[in-house]
């Protein structure tokens, strides 16, 4: 998937400025696609030039003017083509996994610290995503929301995000505990 598809999909929810789009990425889209604000602004310009989105200026009083964007019919067609294309398998590319793989050869103290940091960040994200899930479904329980909710796409991707963060938290905690136990056993021997 290219960033263009993630941006086009996000713009299906309405007309957004670059700033609003960056916020939407921080809250929801970041579960499955990371992009820096400057990457988003660059992509918006490319999408507009390609005719996949249109932009218009909005004059604001007391604040700088802004440009808002929406998907065109051509952009929707691009997304439909993308949706019909078979998904490529995902893969993991994580420097912390490289460090864990060789922790017994390069020293564990730094790796343990980084595992603890990653576990804490994942735990915080689990809380944040849990709040977002509750907000998205409102007064409905999850099964009822999934069956009858008006817009479930963000909920579905958030479910994947929270599962990923829980697994990351649990794995980091376990591996840090294993490395600590090995350090302790080495000291005793």
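Can you confirm whether the range 80-89 contains a residue that is buried (at least 17 other Cβ atoms within 10 Å of the Cβ) and not assigned by TED's automatic domain parsing to the domain that holds residue 132? Checked against the condition, which is being buried (at least 17 other Cβ atoms within 10 Å of the Cβ) and not assigned by TED's automatic domain parsing to the domain that holds residue 132, the range 80-89 yields no hits at all. Going residue by residue through the range 170-179, is there one that turns out to be under 15 Å from the mean Cα position of the chain (by Cα), assigned by TED's automatic domain parsing to the domain that holds residue 99 and either within 15 Å of residue 115 (Cβ to Cβ) or in contact (Cβ under 8 Å) with a residue 24 or more places away in the chain (or both)? For the range 170-179, residues under 15 Å from the mean Cα position of the chain (by Cα), assigned by TED's automatic domain parsing to the domain that holds residue 99 and either within 15 Å of residue 115 (Cβ to Cβ) or in contact (Cβ under 8 Å) with a residue 24 or more places away in the chain (or both): absent. For the range 50-81, the tally of residues that are closer than 15 Å to residue 11 by Cα and part of a helix (DSSP H, G or I) stands at 8.
When the range 91-138 is filtered for residues that are under 23 Å from residue 158 (Cβ atoms) and outside any helix (DSSP H, G or I), the ones remaining, listed by number, are 91, 92, 93, 94, 138. Applying the condition of being under 18 Å from the mean Cα position of the chain (by Cα) and touching a residue at least 40 places away in the same chain (Cβ under 8 Å) to the range 31-52 and asking which residue is nearest to residue 127 (Cα to Cα) yields 31. Limited to the range 1-12, what total is found for residues that are in contact (Cβ under 8 Å) with a residue 60 or more places away in the chain and not in a helix (DSSP H, G or I)? Of the residues in that region, 2 qualify. Residues that are modelled with pLDDT under 95, crowded, with 16+ Cβ neighbours inside 10 Å and within 22 Å of the chain's Cα centre (by Cα) within the range 90-121 comprise just one, 96. State all residues of the range 139-156 that are surrounded by fewer than 17 Cβ atoms within 10 Å (Cβ to Cβ) and in a helix (DSSP H, G or I); if no residue qualifies, say none. Selection gives 142, 143, 144, 146, 147, 148, 153, 156. Which residues, counting only those in the range 53-75, are at negative phi and without any contact (Cβ under 8 Å) to a residue 12 or more places away in the chain? Within the range 53-75, 57, 59, 60, 61, 63, 64, 65, 73 qualify.
The values are calculated or read from the model by the stated rules, or taken from the named source; none is laboratory data. None of these values were measured; they are calculated from a predicted model. Every residue, glycine among them, receives a Cβ derived from its backbone with ideal geometry; neighbour counts consider all protein chains shown.
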